Structures are given as C-alpha cells and as structure tokens.
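Notes for the one structure printed next.
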Amino acid sequence: MDNLSEKYRVWVEVDLDKLCSNYRQMAKRARAKVMPVVKADAYGHGAVRVAKTLQAEEAVRQFAVVTQEEAIALRKGGVEGLVLLMGIAPKDSIPALQTADITLCVPNLEIAKRYSDAAQGKPLKIHLKLDTGMGRLGMREENAIEESLAIAQLPGLHIEGIFTQMSSSDLPGEDPFTMGQYECFKRVIEALEEKGLSIPLHHCANSAATMGFDGIHWDMVRNGLSLYGYQSREEDLGIELRPILSWGSSIVQCKTVPGGASVGYDRGYKAEGEKRIATVPLGYADGLSHGLSLGKGAFLVRGKKAPIVGKICMDMCMLDVTGIEGAQPGDLVTVLGEDGPEMISADDLAGPLDTISYEILCGIGKRVPRLYRQKGVLEKDTPYWCGYEG
Ligand SMILES: Cc1ncc(COP(=O)(O)O)c(C=O)c1O
C-alpha cells in the first residue's frame with residue numbers, strides 16, 4: 001500500500017483489478033450468471049464504482065442492493081440492466097423505483113398487494129422470495145404455492161424471478177440442511193410450473209453456496225463477500241480470492257514514555273518500563289471498533305505488528321512501537337492489508353471482536369476516503385467520500 005499520508009489522514013485503497021479477478025474466479029465456478037451484491041455501498045468498497053467497473057470490464061448486467069437509496073444511486077451512477085432491491089420498499093418510494101426500472105423483492109401476498117396498488121404504467125418487475133430455512137423474508141413452502149399464484153393474478157406486477165437465501169452454506173457441517181433448502185426451493189418452483197406459473201429466473205446461492213456446492217447455482221448466483229476477496233467456508237476450495245481493500249493511516253506523533261506512564265482514557269494502559277508510543281489519527285468514528293482497544297488489535301508498522309495500547313478514541317489511537325526500530329512520524333500504518341511479510345485481514349480484526357469479516361468491511365467509516373487502483377494505477381486525487389465532500 002502506498003503511503004498517502006501527505007494527502008490523507010486515513011484512507012482506504014480498493015483494487016479494482018483484483019475485484020475483476022475475483023469476479024472471474026466466481027463466474028468460472030458458478031457456470032451461471034453472477035449477480036454482484038453491492039448493498040451497503042458494496043460492503044464499504046463504494047457501490048457505484050464497483051458496479052460500474054464490473055459492468056465495463058466484465059459485462060455484468062445484474063446487481064443486488066437492499067435500499068431504495070442504494071438502487072437509485074446505481075442508476076444515477078450509470079448502472080444498467082437488472083437492479084434487484086432485496087429489501088422491502090416503502091410505499092412512497094415505489095413510483096421513483098419504477099421510473100428507475102428497479103426490480104422489487106416480494107416476500108408475501110400482503111406486500112405484493114402494496115406494490116400492485118402503487119404500480120403505475122408499465123408492470124413493476126418483481127422477484128418472489130421464498131423462505132426455505134433462513135426464517136427471515138419470504139413465503140414458507142406451506143403457503144408459497146397459493147400465495148404465489150395469487151400474486152401472479154395481481155395487476156401491475158410482472159414476476160421475473162424467484163429466489164431464496166441459504167442460511168448456513170458457510171458451514172460444511174450444515175451441508176445437508178443447505179441441500180434441504182435447495183430441494184425445498186426446487187419443489188416450490190416445480191409445483192408452480194405444474195400450476196402453469198413458469199418464472200424465468202431462479203437464484204439461491206450466495207458466495208459460500210456458489211463455492212461449496214455444485215448443481216445448485218441455477219440461472220444466477222448472488223455473490224458479495226467473495227468478490228471482495230473473502231471466503232466464508234473455511235476449507236480449501238481451490239479458488240484464489242484476494243482481498244481488494246486495504247486500509248491505511250500514518251503515525252502523526254511518536255514519544256518515549258517512562259515506566260508507569262498511562263496512555264489513553266481511563267488510564268487503560270500503564271507502561272511496564274520505558275515504551276515508544278505512536279499516535280495514529282484513526283478512531284472509532286472511522287469505523288475502528290472500540291473493542292480492539294487494550295491490545296486486542298494490532299496494526300502493521302515497518303512490516304511488524306504494533307499492538308494497540310490504551311482505549312481507542314473517537315479520532316485517534318495509540319500503538320506500542322517499542323520493538324519497531326526507527327518508527328517515526330510519517331510512517332505508514334496498515335490497518336488492513338499487507339506490509340512486507342505480514343498481512344492483516346478483515347478476519348483478523350473480526351476474531352477478537354467475535355464478529356465476521358462482513359461487519360468489519362461494512363463498518364469502515366464514511367469519512368474515510370476510498371481511493372481506487374485500476375489497471376495498476378492508484379487514482380490518488382479522486383477519492384470517493386461516501387457522502388462527504390472531498
Ligand atoms: C439475500 C442475499 N443474497 C446474497 C447475499 C450475498 O452473500 P455473500 O456476501 O455471502 O455472497 C446476501 C448477503 O448478505 C443476501 O442477504
């Protein structure tokens with residue numbers, strides 16, 4: 001990662017070439033269309049840039065989001081083709097979503113009626129959602145046939161797809177359950193076909209199901225995490241994904257403190273002997289979880305791990321760089337990414353917090369500018385500010 005400390009206090013670098021490479025690996029594995037999941041600003045990577053890169057470089061023509069704002073932002077940014085809103089759209093948002101040609105998720109008859117009432121002009125495109133074991137959105141098998149047939153009769157709606165979400169495809173021990181979900185999905189689709197309702201597009205596999213299973217990919221798979229370079233099934237599946245995001249900052253001050261000196265709020269750390277302490281301008285307002293305080297997390301400085309000492313502040317944190325010779329202001333601090341032989345992944349930060357890589361990536365703060373590397377070139381002067389002005 002370049003040291004960008006002369007321009008930025010803290011920054012994220014997203015490698016779009018690696019994004020495309022991860023996409024190609026997943027597309028090869030899936031042997032079906034891959035629908036990139038770019039909700040939550042593409043898991044913190046910047047949804048419009050991610051989607052437009054995949055559209056331009058890999059001819060991708062289908063994307064998934066969750067909110068109306070995310071869907072409209074993709075269209076405003078020039079994203080074409082199918083944009084599936086996998087959440088529930090509030091009634092007042094329907095006209096704008098319909099004008100923008102967004103496809104909506106329908107998890108039951110009640111919501112279908114709401115969409116049907118609000119639809120105007122051309123039929124509103126929908127994908128039916130089945131709950132085959134996730135227990136979240138969707139129709140359970142017991143009601144799915146009757147409700148789907150009733151939805152098909154409503155005016156103003158066009159059923160273009162049907163989908164479900166696997167709950168445990170990342171857990172090999174739950175593979176029989178995942179296959180059960182798939183069988184349930186298939187049974188409903190076949191029963192609907194027998195009743196004369198044939199739906200063009202079927203999709204049920206997230207990243208882990210795409211990687212861990214053959215034969216359940218159907219027409220399309222919905223992949224998020226894998227495109228961003230992480231694998232949620234632990235076994236070696238022969239797919240080489242590389243994290244596309246690195247997160248950096250730099251040391252702004254370095255000082256030697258005597259034994260017994262305290263560092264940070266509540267005197268959370270007291271030096272046992274003389275220590276070199278580095279201050280880094282990155283805190284929980286930037287998405288660095290307070291839970292990594294008091295040595296639970298570490299960053300890389302000069303290719304070595306420097307533990308976080310004291311409690312993480314809103315805008316700053318402190319590192320123990322005693323063992324890192326020559327550490328000084330201006331040195332690059334790698335929060336996520338590689339530095340020499342060492343690397344810190346979102347899984348490494350997630351472990352001590354008892355969370356998942358998804359939450360680390362989505363949690364990187366809005367005020368951290370995202371810089372993009374494409375065709376090997378880092379665009380240093382055109383960051384994406386996630387809602388802040390540059
Ligand atoms: C409905 C749905 N489909 C697909 C995905 C993508 O999952 P993954 O990032 O594990 O590929 C998600 C993510 O949470 C989701 O909620």
Qualifying positions in the stretch 26-51 - within 14 Å of the ligand (Cβ to nearest atom) and either among the β-branched types (V, I, T) or in the same structural domain as G363 (by TED's automatic domain parsing) (or both): V34, V37, V38, V50
Please list, ordered by first then second residue, the pairs with beta carbon atoms under 6 Å, 6 or more apart or interchain, first in the stretch 208-219 and in contact (Cβ under 8 Å) with a residue 24 or more places away in the chain, second surrounded by fewer than 21 Cβ atoms within 10 Å (Cβ to Cβ) and among the hydroxyl-bearing types (S, T, Y). A208/S232
If you check I126 against the conditions, is it within 16 Å of the ligand (Cβ to nearest atom) and open to solvent by 20 Å² or more (accessible area, probe 1.4 Å)? no
Filter result for the condition that a residue is more than 16 Å from the ligand (Cβ to nearest atom), open to solvent by 10 Å² or more (accessible area, probe 1.4 Å), of a type outside the set (S, T, Y) and not in a loop (DSSP other than H, G, I, E, B), over E70, E80, E57: E57
How do the strands (runs of 3 or more DSSP E) wholly within the stretch 237-325 filter down when requiring 2 or more residues that are within 15 Å of V335 (Cα to Cα) and touching a Phe, Trp or Tyr at 6+ places or on another chain (Cβ under 7 Å): which remain? 245-250, 304-309
Taking the conditions exactly as written (in contact (Cβ under 8 Å) with a residue 12 or more places away in the chain, assigned to a helix (DSSP H, G or I) and away from the ligand (no atom under 13 Å from the Cβ)), does L197 satisfy them or not? no
With respect to D354, is the statement that it is on the phi > 0 side of the Ramachandran plot and over 16 Å from the mean Cα position of the chain (by Cα) true? yes
Please indicate, with yes or no, whether at least one residue in the stretch 2-25 is within 14 Å of the ligand (Cβ to nearest atom) and outside any helix (DSSP H, G or I). no
Given (1) among the aliphatic types (A, V, I, L, M); (2) open to solvent by less than 50 Å² (accessible area, probe 1.4 Å); (3) assigned to a helix (DSSP H, G or I), identify the lone condition not met by M179. (2)
Among the residues of the stretch 249-260, is any open to solvent by 20 Å² or more (accessible area, probe 1.4 Å) and either under 20 Å from G291 (Cα atoms) or within 16 Å of the ligand (Cβ to nearest atom) (or both)? no
Just a yes or no: is a residue in the stretch 341-349 of a type in the set (A, V, I, L, M), open to solvent by less than 40 Å² (accessible area, probe 1.4 Å), without any contact (Cβ under 8 Å) to a residue 60 or more places away in the chain and within 22 Å of G365 (Cβ to Cβ)? yes
Which residue is most open to solvent (accessible area, probe 1.4 Å), if the candidates are limited to the stretch 293-312 and must be more than 18 Å from A346 (Cα to Cα) and out of contact with any helix residue (DSSP H, G or I) (no Cβ under 8 Å at 6 or more places or on another chain)? R302
Among (1) in a strand (DSSP E or B); (2) open to solvent by 40 Å² or more (accessible area, probe 1.4 Å), W218 falls short only on (1)
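The values are calculated or read from the model by the stated rules, or taken from the named source; none is laboratory data. Predicted, not measured: the structure shown is a model, and the values here were computed from it. Using ideal geometry, Cβ is built from the backbone for each residue, glycine included, and neighbour counts are taken over all protein chains shown. Remember, those area values only see protein heavy atoms, side chains included, never the ligands or the DNA or RNA. Shrake-Rupley method; radii C 1.70, N 1.55, O 1.52, S 1.80 Å.
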